[in-house]
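S.K.: My structure is below; once you've seen it, I'll send some questions.
The values are calculated or read from the model by the stated rules, or taken from the named source; none is laboratory data. Quantities reported herein were computed from a predicted structural model and do not represent experimental measurements. Positions of Cβ are generated from backbone atoms using ideal geometry, with glycine treated the same way; all protein chains shown enter the neighbour counts. Just so you know, the surface numbers come from the protein's heavy atoms only, side chains and all, with ligands and any DNA or RNA stripped out. Shrake-Rupley method; radii C 1.70, N 1.55, O 1.52, S 1.80 Å.
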Amino acid sequence: MILETKKVSKAFGRIEALIDVNMTVRKGEIFGIAGPNGAGKSTLFNVISGTFSPSSGQIVFEGKDITKLNAHRICHLGLARTFQIPQTFPTLSVYDNLRVGATFGGKIGRELEKRIQETLGFLNLTSFRDALASNLDLYTTKLVMMAACLATGCRLLMLDEPLAGLSMTEINAFLEVVRKINGGHGTTVLIIEHILDSLIDVSDRMLILHNGAVICVGEPNEVCQDPKVIEVYLGEGEDSQ
Amino acid sequence: MKLTDFNWKKIAIILGLLFIALYPVMHGDTYIMHIFILFFVWALVASNWNLLMGYAGIFSLGNIGYFAIGGYISGILAKSFGWSPWICIFLGGIGSMVSVTLFVGLPALRLSGIYIALLSLIFADTLPTILTQTRSVTGGAMGLHDIPPLFEGITRIHSYYINFVLFLVILTIIYKIIHSSTGLAFVALRDSKDFAKTLGVNEYKEKIKVFAYVSFLTGITGGFYVHYLGDISPTTLAIEPFLLAIAMMEMGGIGRFPGAVLGAVIIVFGNEFLRLAGTLRLALLGALICAIILFFPGGLMQFIDWIDSRIGRLKTSKAT
Ligand SMILES: Nc1ncnc2c1ncn2[C@@H]1O[C@H](COP(=O)(O)OP(=O)(O)OP(=O)(O)O)[C@@H](O)[C@H]1O
Ligand SMILES: [Mg+2]
């Protein structure tokens, strides 16, 4: 087990974005999180990565209690995350975007250059090395955001809706990269996606969040047969039509 | 050398520095040397300010205060205890660093944008009051006079070269800071604060570091300045030096190195040579600043970029 949340709740004023969320992520797996809009998926990421602190509950990463730590401390411990709204450092080159991760998250000193080159190579970004991050298309932006996370040398990578806005071919390519990171580096991956099909495809296990609460956890085929999940997703389908 | 290798900026910098280095032996007018020394000092004040404001994105308005603290501490120590001015200057830098980091830096961590501006302005604004209250040591409104020079028998040429070396050393340090991990952290925090933090950037640590660097370097510059002039008074903290230093930054290009140095060239020399225009001086200077900002909002550095792109186009059209 690499990550565990114990009865984690988060309220924004009257809105209860997370209610007693229990989740365990095993070392080396790809763990999917799904749920309709506003289910609390991003909030869960924010609470784990230290962007917000939870209203109650406990978060344990590799046996350490990280509930009250700041975002940068959590990163130093080996956990990195991407954002739903793609974030890069637009005025920096792709290389320097990774340099931020490697310098501050990595604590690696002389190995820095090597780590960046390796990460660029691993994600096929070498040809973009000197490009300015503001000049990249959406797909490459998302890759660079993820590459900067990997450059920290994280053992747990959390991806918040990395597939949103991508074309079908890009989605497949991206998932391929995620599998490669998981397989090649042995990095545990936590991935949010609200389209179930893509998530079922890539996840070892998954969790469904609805109105801030966990409604189902398990292997993808179990989860998508769960009546509560079907109800939530059919409900959402009707709403959007 | 091919035409495409020609880097006019490097050549301009080398020629400029060469000219400054040789000026005392070539021409050596003591008055103009004095203006050059003012230029060295104000270029450093503005460049440090730019590091804090333009690079670190911390809206500090108190930098003249940091400068005055370094100057006063050094002047008082040298005068009262007869210590070596070199040591006093260093202690002045430390004094500025400690007080600024403590009273502006730490509270600023809890504040943002305009509130840091207010806080730092209040900090600088209390200094004249403190000075008049401590008249017996600081000389109050009359100022501190007969501050010992760096060494006995110092000449204008000595001062010129000492301040020139100071100018080169501190600018090199600023350049190094900008290109260090601290500089990288600031660009990252400015571009995307949340992402920077989740990649391990410790915002507080980097901010405190830059406050410490800037106040120390500005304080030291203040020390060299008072030992050169031999006196300092609360007028240093008046509105005019403040506005001129801000203008140097604006004109040079905020967040660009060495923009503030270019701004200082225009302001310091402009300010001196426009004395001929009498009371119209500040108005003319203001008009010049407006004109530059109007056409090049990014200041002189943007003007240089523009020339660069022109030259680039010329080269490609020649090549084809
Ligand atoms: N910073 C915040 N302040 C106030 N309310 C918030 C904040 N962040 C999230 N919320 C609320 O918490 C709830 C959960 O939001 P969250 O962004 O976690 O959902 P999500 O599952 O990521 O949805 P989506 O699929 O749209 O990304 C929503 O009702 C949202 O309005
Ligand atoms: Mg979300």
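S.K.: Over 30 Å between Cα atoms: which of A:Lys68/B:Lys205; A:Lys27/B:Lys176; A:Lys27/A:Lys68 fall into that group?
M.R.: Pairs exceeding 30 Å: A:Lys27/B:Lys176.
S.K.: Just for chain A, what percent of DSSP beta bridges are antiparallel, to the closest 5?
M.R.: 55 percent
S.K.: Right, here's the next one. Need the list of lysines near A:Lys142 for cross-linking: C-alpha distance under 21 angstrom, and skip anything on the same chain fewer than eight residues off.
M.R.: The reachable lysines, counting only those whose Cα sits under 21 Å from A:Lys142, are A:Lys41, A:Lys180, B:Lys193, B:Lys197.
S.K.: Let me ask something else. Taking a ≥ b ≥ c as the square roots of the Cα gyration tensor eigenvalues, with a/c under 1.5 meaning rounded and otherwise prolate when a/b beats b/c, else oblate, which class fits chain B? Intermediate values should be presented prior to the final figure.
M.R.: On the way: a/c = 1.71, a/b = 1.20, b/c = 1.43.
Oblate, because a/c is 1.5 or more while a/b does not exceed b/c.
S.K.: Got a number for the accessible area of A:Lys64? Probe 1.4 Å, square angstrom, nearest 10.
M.R.: Taking all protein chains as shown, A:Lys64 has close to 100 Å².
S.K.: How high is the relative contact order of the stretch A:86-153, in percent, counting Cα pairs under 8 Å that sit 6 or more residues apart?
M.R.: 55 percent
S.K.: So what's the back-of-envelope 222 nm ellipticity for the protein assembly as shown, counting only DSSP H runs of four-plus at -39500 (n - 2.57) apiece and dividing by all residues, rounded to 500?
M.R.: Result for the protein assembly as shown, helices only: -18000 deg cm²/dmol.
S.K.: Which of rounded, prolate or oblate describes the stretch A:126-241 when judged by the alpha-carbon gyration tensor and an a/c cut-off of 1.5? Write down the numbers at each step before the final one.
M.R.: On the way: a/c = 2.49, a/b = 1.70, b/c = 1.47.
Here the stretch A:126-241 falls in the prolate category.
S.K.: Sticking with this one: Within 10 Å of each Cβ in peptide A:85-92, how many partner chain Cβ atoms are there on average? Round it to a whole number, please.
M.R.: 5
S.K.: I need to check one value: relative contact order of chain B, counting alpha carbon pairs closer than 8 Å and at least 6 residues apart, in percent.
M.R.: On the way: 442 pairs, mean separation 92.0, N = 320.
Result for chain B is 29 percent.
S.K.: Moving to a separate point now. Across peptide A:72-80, what mean number of C-beta atoms from other chains lies inside 10 Å of a residue's C-beta?
M.R.: 3
S.K.: Same structure, new question: Contact order normalised by length for the stretch A:24-173, with contacts defined as Cα pairs under 8 Å and 6 or more residues apart; what percent is it?
M.R.: 27 percent
S.K.: Oh, and also: Using a 10 Å cut-off on Cβ atoms, rank the peptides B:91-100, B:240-249, B:278-287 from the highest mean neighbour count down.
M.R.: Descending packing order for the listed peptides: B:91-100, B:240-249, B:278-287.
S.K.: Under unit Cβ charges (Lys, Arg +1; Asp, Glu -1), what dipole magnitude, rounded to 20 debye, does the stretch A:107-240 have relative to its Cα centre?
M.R.: Using Cβ point charges on Lys, Arg, Asp and Glu, the stretch A:107-240 gives about 960 debye.
S.K.: Which of B:Ser233, B:Leu118, B:Phe164 sits farthest toward the positive end of the charge dipole of the stretch B:29-237, with +1 on the Cβ of Lys and Arg and -1 on the Cβ of Asp and Glu?
M.R.: B:Leu118
S.K.: Same structure, new question: Tell me the angle of helix A:138-150 to the major Cα principal axis of chain A, expressed in degrees between 0 and 90 and rounded to the nearest ten.
M.R.: 80 degrees
S.K.: Taking a ≥ b ≥ c as the square roots of the eigenvalues of the Cα gyration tensor of the stretch B:244-320, is the shape rounded (a/c under 1.5), prolate (a/b larger than b/c) or oblate?
M.R.: It comes out prolate by the Cα gyration axes.
S.K.: Once phi is turned into ³J(HN,Hα) by the Karplus curve 6.51 cos²θ - 1.76 cosθ + 1.60 with θ = phi - 60°, what whole-Hz value does each residue of the stretch B:135-146 show in order, with x for glycine and proline?
M.R.: So the Karplus estimates, Gly and Pro as x, are 3, 4, 9, 9, x, x, 5, 6, x, 9, 10, 6 Hz.
S.K.: Would you kindly calculate the translational diffusion coefficient of the protein assembly as shown, applying Stokes-Einstein with the Kirkwood radius from alpha carbon pairs, for 4 °C and a viscosity of 1.567 mPa s, and quote it in µm² s⁻¹ without decimals? Spell out each step's value before the answer.
M.R.: Numbers: Rh = 26.9 Å.
Diffusion coefficient, whole number: 48 µm²/s.
S.K.: Right, another one. For the protein assembly as shown, give the magnitude of the charge dipole about the Cα centre (Cβ charges: +1 Lys/Arg, -1 Asp/Glu; no others), in debye to the nearest 20.
M.R.: For this selection, approximately 1480 debye.
S.K.: Additional query: Can you tell me what share of the DSSP beta bridges in the stretch A:152-241 is antiparallel? A percent to the nearest 5 is fine.
M.R.: Rounded to the nearest five, the antiparallel share is 50 percent.
S.K.: Would you mind working out the magnitude of the charge dipole of the stretch B:1-134 relative to its Cα centre, with +1 at each Lys and Arg C-beta and -1 at each Asp and Glu C-beta, to the nearest 20 Debye?
M.R.: Using Cβ point charges on Lys, Arg, Asp and Glu, the stretch B:1-134 gives about 240 debye.
S.K.: Here is a further query. Across peptide A:104-112, how many C-beta atoms of other chains are within 10 Å of each residue C-beta, on average?
M.R.: On the way: counts 11, 4, 2, 1, 0, 0, 0, 0, 1.
Rounded to a whole number, the mean comes out at 2.
S.K.: Probe 1.4 Å, all protein chains in place: accessible area of A:Ile230 in Å², nearest 10?
M.R.: Here the accessible area works out near 70 Å².
S.K.: First compute the accessible area of the protein assembly as shown with a 1.4 Å probe, then give the percent of it belonging to carbon and sulfur atoms.
M.R.: Whole-percent figure for carbon plus sulfur exposure: 62.
S.K.: Oh, and also: For chain A, compute the orientation-averaged projected area of the C-alpha convex hull (one quarter of its surface), in nm².
M.R.: Directional mean of the projected Cα hull area for chain A stands at 13.0 nm².
S.K.: Ok, one more. If you count, for each residue, the other Cβ atoms within 10 Å and average over each peptide, how do B:23-30, A:69-76, A:193-200 line up from highest to lowest?
M.R.: A:69-76, A:193-200, B:23-30
S.K.: Can you tell me what share of the DSSP beta bridges in the protein assembly as shown is antiparallel? A percent to the nearest 5 is fine.
M.R.: Here the antiparallel bridges make up roughly 55 percent for the protein assembly as shown.
S.K.: Rg and Dmax of the stretch A:86-153, using alpha carbons, in Å: what are they?
M.R.: 10.5, 32
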